[in-house]
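Data block below; observations after.
Derivation of every value follows stated rules applied to the coordinates shown; laboratory data play no part. Remember, it's a predicted structure, so these values are computed and weren't measured experimentally. With ideal geometry, Cβ positions are generated from the backbone for all residues, glycine too; neighbour counts draw on all protein chains shown.
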Amino acid sequence: MPKYRLAKCPVCGGNLKVIKYQCEECGTEITGNFELEDFARLTDQQLIFLKTFIKTRGNLSELQKELGISYPTAKARLEEVAIALGYESEEVDNREKTLEILEKIEKGDITPEEAKEILKKYKK
């Protein structure tokens, strides 16, 4: 059974750093203070989800069947992976857009009816 990467300390849960690489062929060793790439920081569950997402070519219906999860769970896990990879939460982004629209209404830049139409476009 292959040994996979560790991203978290098994004792305290802190982040681990790679400090040594060794060539399997010639034994050359490189030491330093290396950062883990983004995908190495994902949990095993997140990696399984991501692999399944790619396997199903992003088709959430197929992904749901394969993993035996509901649509809301699939969406939540996708959001979790996106956040773990450093992308902003869609919820935060939508909240910010909503606040911007409300400010425009307050300033008189747009009418409530126009705001309603703009918000409908965000929901799609």
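Name the helices (runs of 4 or more DSSP H) wholly within segment 30-103 that hold at least 3 residues that are out of contact with any helix residue (DSSP H, G or I) (no Cβ under 8 Å at 6 or more places or on another chain) and loosely packed, with under 12 Cβ neighbours inside 10 Å? Please lay out each step first, then the result.
On the way: elements: 44-55, 60-67, 71-84.
The qualifying helices (runs of 4 or more DSSP H) are 44-55.
Exposed (fewer than 11 other Cβ atoms within 10 Å of the Cβ) and of a type in the set (D, E), is that true of E24? Reasoning before the result, please.
Values: exposed (fewer than 11 other Cβ atoms within 10 Å of the Cβ): yes; of a type in the set (D, E): yes.
Taking the combined requirement at face value, the residue satisfies it.
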